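Just below is one structure, and these are the notes that go with it.
Please treat every number below as a calculation from the coordinates, not as lab data. For clarity, every value in this text was computed on a predicted model and none was experimentally measured. Cβ: placed from backbone, ideal geometry, glycine included. Neighbour counts: every protein chain shown.
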Amino acid sequence: MNIKIVNKSKHSLPEYSTALSAGMDLRANIDEPIVIKSLERKLIPTGLFIELPEGYEAQIRSRSGLAIKKGITVLNSPGTIDADYRGEVCIILINLSAEDFVINDGERICQMIISSHAQAEWIEVAELGETNRGAGGFGHTGKH
């Protein structure tokens, strides 16, 4: 799939780390380090602007290494970039650790996954079809 991208950052284009990677790492594009204090959130620019084809979205997800080692995660995970958005891709990060975290220019801060989607059309009905599960949810099976 070809996707148009404008790169106003100081860094190379996002790329897949391995042949079977689903996500591409995005990098911070900043002039000076940004400190995210404990429980603080910040909007981090990437310098990237994309034009997705109709029927696709970009999902922004946390990097597992940052999450487990530093407590840094994408706040609205997954974040969605719609096909009609033309602004800069910026990432909402939150520090869930007890320590300050410093983001430096060029640091890999999240993953971006390109995914197809459908738009639903609602059909209003009086009742829904029966299933074995029914309305059971939130751990109703008792299995761990």
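Details
- The share of Cα pairs per 10 Å bin across segment 84-144, counted from zero up to the longest distance, runs 11, 22, 22, 26, 16, 3 percent.
- Bridging of K10 to aspartates and glutamates at a Cα separation below 19 Å is possible for D25, D31, E32, E88, D105, E107, once same-chain residues fewer than 8 apart are set aside.
- The value of relative contact order for segment 1-45, using C-alpha pairs under 8 Å at least six residues apart, is 27 percent.
- Inter-centroid distance (Cα atoms) of segment 91-139 relative to segment 1-24, Å: 22 Å
- Its relative contact order, with pairs defined as Cα atoms under 8 Å and 6+ residues apart, puts segment 1-122 at 36 percent.
- Taking each of K4/K69; K8/K37; K8/K69; K8/K70; K42/K70 in turn, the alpha-carbon distance tops 26 angstrom for K4/K69; K8/K37; K8/K69; K8/K70.
- Estimated translational D of segment 28-117 in µm²/s (Stokes, Kirkwood radius over Cα pairs; 20 °C; 1.002 mPa s): 159 µm²/s
- Cα centre as origin, Lys/Arg/Asp/Glu Cβ charges: the chain dipole, Debye: 620 debye
- Ranked by the mean number of other Cβ atoms within 10 Å of their residues, highest first, the peptides 29-41, 10-22, 85-97, 117-129 come out as 85-97, 29-41, 10-22, 117-129.
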